[in-house]
Amino acid sequence: MTDKPFAAVILAAGLGTRMRSTLPKVLHGLAGRPMIGHLAATVATLAPAKVVVVTAPGMEAVVKAASPAEGAVQQPALGTGHAVQAALPALAGFTGDVLVLYGDSPLITAETLRAMLAKRQSGAAVVVLGFRPADPTGYGRLVADAAGQLDRIVEHKEANAAERAIGLCNSGFMAIDGAVLPGLLARLRNDNAKGEYYLTDIVAHARAQKLACGYVEAPAEELIGVNSRAELAVAEAIAQTRLRAAAMAAGATLLDPASTYFSFDTQLGSDVVVEPNVFFAPGVVVGNNVRVKAFSHLEGCRIAEGAVIGPFARLRPGAELGRDVHVGNFVEVKNAVIEAGAKANHLTYLGDARVGAGSNIGAGTITCNYDGFGKYHTDIGAGAFIGSNTALVAPVSVGDHAIVGAGSTIARDVPAGAVALTRAEQQSLPGSAERFRTKARERAAKAKAKASSRGGADNK
Ligand code: UD1
Ligand code: MG
């Protein structure tokens, strides 16, 4: 919350050609959601009065990814100042502060935005967010006056040698008094190196009107701009580092943080242990005291207290695991409720199913949920025992405490307490093994003799 209402304007009209993608740049994913979604979520924590996303025509998906937000279309794109101008109709009648953000800088923190708004409320008409990148080439430089006040911003292309020696750069993020913003934008001209309407020029115009301007500084890491896949990977690494730190600070043990991948919304309870090489796709909620063993992939699932997952488990959307459930190696669970204490420890597929409390699912059990057209449900009661290598042909149910013999193909409902098996009758032929081996040995010897006599003839 900030004292004064503010609106956020997110600039995202750039086409992002360096991504070499058909997807608009700001829709590329970072920790499981579009990068503009991260920015929008950070802004949302400050309760903006309004969010306006400036895009090129036909980029409704970008506005949606920042929702709740309003779209403003900029066409043609004539520079950052022109882009903010394109947002003005959406801000008509709004007199609070305006926060200008770049859609391709997803790692900004709420603290930094709060500091900008606080500085703005302390009297500066324009507050610019500065940072000190390792290599300032290409960035606008913040030029301060003798009193240390922000005087103007000079773009790299227009900067002289002394200005280029300034390490403090313009991130592009600004907090501006909404009452003076339209007037400042109206003064912009495009007589510069790029022939664009530079938003940065509003600083000099504000100073010319005797309005105070200031800046706040943020760590360069927060202001990584994503223009290429390589920069996207750098941003992903930073996002993951933050998520890992947050998970550990909240009481999870990560045996190898660097190989644990989180999504923006992963929720871990306390005393969760995550072994190496685990991937949390979006929508995962893990209860207390759960152990996720190595090489597991989890997405859209809930795991209750005390469960043990993996190694090599795959939990897909709609998997709901009760307390103390065990899901072991090479087990895939999709849209299935596994009730408390049930176990499926090896080589199993449970899809569109319920497994009752305390049931044991043998190795190699498959719920055959799909007939090429529709999906069907398998219901297994409590305390049931499904023998290894069973195919459950859905729709089908197995009642409470029933037993299914190994190797069965179950296509009809099994009543509670019944034993069901569909195995073919077994035959055992006493002494046959030795007779079989003797014959097989003779056949092999004959074949070998024939081959070597043919080989001898060829050598002559
Ligand atoms: C801008 C700043 C520069 C700063 C740098 C930080 C200006 C004039 N320069 O330069 O001082 O150091 O960002 O990264 O502002 N956009 C539009 N419409 C446009 C032009 C841009 O929406 O017409 C959006 C882009 O999609 C992007 C952002 O504005 O999200 C920045 O535009 P970009 O062209 O990258 O500006 P820079 O030249 O990098
Ligand atoms: Mg740029």
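Magnitude of the charge dipole for the chain, about its Cα centre and with charges confined to Cβ atoms of Lys, Arg (+1) and Asp, Glu (-1), is about 1980 debye. Membrane-span-like helices in the chain, defined here as complete DSSP H runs extending at least 20 Å along the helix axis by their C-alpha atoms with mean Kyte-Doolittle hydropathy no lower than -1.0, are 229-249; this is a sequence and geometry rule, not a statement about a membrane.
Past the 18 Å Cα-Cα mark, which pairs from Lys50/Lys210; Lys4/Lys50; Lys4/Lys210; Lys25/Lys64; Lys293/Lys343?
Working: Lys50/Lys210 29 Å; Lys4/Lys50 13 Å; Lys4/Lys210 23 Å; Lys25/Lys64 14 Å; Lys293/Lys343 15 Å.
Over 18 Å apart, Cα to Cα: Lys50/Lys210; Lys4/Lys210.
Kindly provide the helix-only [θ] at 222 nm of the chain, computed as the sum of -39,500 (n - 2.57) over DSSP H runs of four or more divided by all residues, to the nearest 500 deg cm²/dmol?
The helix-only estimate for the chain comes to -7000 deg cm²/dmol at 222 nm.
For the residues Thr348, Thr253, what sequence is obtained by ranking on other C-beta atoms within 10 Å, fewest first?
Ascending Cβ contact count within 10 Å gives the list Thr253, Thr348.
Computed from phi, the 3J(HN,Hα) profile of the range 10-20 under the Karplus parametrisation 6.51, -1.76, 1.60 (θ = phi - 60°) reads 9, 8, 8, 7, x, 8, x, 4, 6, 6, 6 Hz, with x in place of Gly and Pro.
Modelled this way, with points 7 Å down the Cα-to-C-beta line, the labels at Arg18 and Ala451 are 6.3 nm from one another. Relative to the current alpha-carbon distance between Asp371 and Ala134, full extension at 0.36 nm per residue lengthens the span by 79.5 nm.
May I ask you to work out the translational diffusion coefficient for the range 89-193 at 25 °C, viscosity 0.890 mPa s, via Stokes-Einstein with Rh from the Kirkwood sum over Cα pairs, reported in whole µm²/s? Spell out each step's value before the answer.
Details: Rh = 15.0 Å.
So the translational diffusion coefficient is about 163 µm²/s.
Length gained on full extension, Gln209 to Ala165: 13.1 nm, using 0.36 nm per residue less the C-alpha separation. Kindly state, to the nearest 0.05, the FRET efficiency for Thr438 paired with Thr409, given R0 = 41 Å and r defined as their beta-carbon distance. Result of the calculation: an efficiency of 0.70. By the rule of a C-alpha distance below 17 Å, with chain neighbours fewer than 8 residues away ignored, the aspartates and glutamates paired with Lys334 are Glu299, Glu320, Asp352, Asp371, Asp379.
Each reported figure results from applying straightforward, stated rules to the coordinates on display, with no laboratory input. Since the structure is predicted, the reported quantities are computational estimates derived from the model, not experimental observations. Note that each Cβ is placed from the backbone with ideal geometry, even for glycine, and that neighbours are counted across all protein chains shown.
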